[in-house]
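To keep things clear, I will list the structure first and then write my remarks on it.
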């Protein structure tokens with residue numbers, strides 16, 4: 001709040017994001033609905049991949065089935081950071 005002199009940060013111009021972007025999303029996340037995630041992904045200049053999982057928002061930290069997503073994230077990082 002102090003940095004932006006507002007309760008909301010300024011909007012980020014996603015058109016400036018010119019690198020390939022991979023998104024990992026939970027289809028049961030009520031804080032970022034999957035339709036909104038797809039809409040955001042489709043608006044990217046350089047979309048690379050969209051991975052969806054049957055996870056909710058808290059599952060990212062506490063879900064017992066989150067290991068599949070973590071393994072996929074690690075594979076993407078290993079491949080893209082070479």
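Each reported figure results from applying straightforward, stated rules to the coordinates on display, with no laboratory input. Note that the structure is predicted; figures quoted are calculated from it, not measured. Here Cβ is always computed from backbone atoms with ideal geometry, including for glycine, and neighbour counts include all displayed protein chains.
Among what's in segment 1-34 and is over 14 Å from the mean Cα position of the chain (by Cα) and not in a loop (DSSP other than H, G, I, E, B), pick the residue that is surrounded by the most Cβ atoms within 10 Å (Cβ to Cβ). It comes out as 15.
The rows are residues; the columns are (1) free of Cβ contacts under 8 Å to residues at least 40 places away in the same chain; (2) more than 24 Å from residue 68 (Cβ to Cβ).
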{"site": "6", "(1), (2)": "yes, yes"}
{"site": "11", "(1), (2)": "yes, yes"}
{"site": "14", "(1), (2)": "yes, yes"}
{"site": "22", "(1), (2)": "no, no"}
{"site": "27", "(1), (2)": "yes, no"}
{"site": "30", "(1), (2)": "yes, no"}
{"site": "33", "(1), (2)": "yes, no"}
{"site": "39", "(1), (2)": "yes, yes"}
{"site": "45", "(1), (2)": "yes, yes"}
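If you filter segment 39-82 down to residues that are in contact with a helix residue (DSSP H, G or I) (Cβ under 7 Å, 6 or more places away or on another chain) and outside any loop (DSSP other than H, G, I, E, B), you find that the one that is surrounded by the most Cβ atoms within 10 Å (Cβ to Cβ) is 53.
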